[in-house]
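Structure first, then comments.
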Amino acid sequence: MELYRDSAEYFYGRCLYTDPRWATPPGYVTEATMRAGMQSQVGRAASLAAREQARGATRMEDIVERGYVIVGSPDEVVEQLSEVATSLNVGHLMLLLQYGNMGKALTKYNTKLFAEKVMPRLKTLFAEWEDRWWPQPMDDSQRAEVPAFVPSLAAE
């Protein structure tokens, strides 16, 4: 927790604010909608109440307790990500291994640790399912022919 405290507290304390004036810019909402007092999802998130609630999660302990960040040893992270993936039935996770003001060294450490100690243990999580959504290489017969490199044309 201490490794990631500064970055998480910076991100959740300073980077998630949206000025309400930008939540519903002119031209994106009809006059009738504006008159009815409806707000977009971004507008609700930018509202004072949402900002006050989010401010409650600016301490690392609160950020982790609310599940905004998964942090721990590789074993703990595998356990937590497995729980999230199976409870939500999600086979593709998008991870943010660098956030806030995290420096290059900590980002490299975090990414390497995840790649070597966590990711291999998650690969079998939904192995029995056919993954129809992951990109597959195009068959060679369907690929366009790439012309040979000509150095004199490269500068143009």
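The values are calculated or read from the model by the stated rules, or taken from the named source; none is laboratory data. Being a predicted model, the structure only gives us computed values, none of them experimental. We place every Cβ from the backbone using ideal geometry, glycine too, and count neighbours over all the protein chains shown. We work out accessible area using only protein heavy atoms, side chains counted, and drop any ligands, DNA or RNA first. Shrake-Rupley method; radii C 1.70, N 1.55, O 1.52, S 1.80 Å.
Name every residue in the stretch 1-15 that is surrounded by 15 or more Cβ atoms within 10 Å (Cβ to Cβ) and of a type outside the set (Phe, Trp, Tyr), in order of residue number.
From the stretch 1-15, those surrounded by 15 or more Cβ atoms within 10 Å (Cβ to Cβ) are 4-13; that's our starting set.
Once the filter is applied, which keeps residues that are surrounded by 15 or more Cβ atoms within 10 Å (Cβ to Cβ) and of a type outside the set (Phe, Trp, Tyr), the stretch 1-15 yields 5, 6, 7, 8, 9, 13.
Does residue 100 satisfy being of a type in the set (Gly, Ala, Ser) and free of Cβ contacts under 8 Å to residues at least 60 places away in the same chain?
Working: of a type in the set (Gly, Ala, Ser): yes; free of Cβ contacts under 8 Å to residues at least 60 places away in the same chain: no.
When the stated conditions are applied, residue 100 does not pass them.
When you scan the stretch 125-147, how many residues do you find that are among the β-branched types (Val, Ile, Thr) and modelled with pLDDT of 90 or more? Write out each step before concluding.
Kept after step one, since they are among the β-branched types (Val, Ile, Thr), are these residues of the stretch 125-147: 146.
Retained after the next criterion (residues that are modelled with pLDDT of 90 or more): none.
Of the residues in the stretch 125-147, 0 are among the β-branched types (Val, Ile, Thr) and modelled with pLDDT of 90 or more.
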Exercise for review: Confirm whether residue 51 is among the basic types (Lys, Arg), surrounded by 14 or more Cβ atoms within 10 Å (Cβ to Cβ), modelled with pLDDT under 70 and within 22 Å of the chain's Cα centre (by Cα).
Suggested key: yes
**Study point:** All positions within the stretch 54-70 that are in contact with a Lys or Arg (Cβ under 6 Å, 6 or more places away or on another chain) and either outside any loop (DSSP other than H, G, I, E, B) or open to solvent by 70 Å² or more (accessible area, probe 1.4 Å) (or both)
**Key:** 60
Check your understanding: Of all residues in the stretch 20-48 being assigned to a loop (DSSP other than H, G, I, E, B) and modelled with pLDDT of 70 or more, which is farthest from residue 6 (Cα to Cα)?
Key -> 30
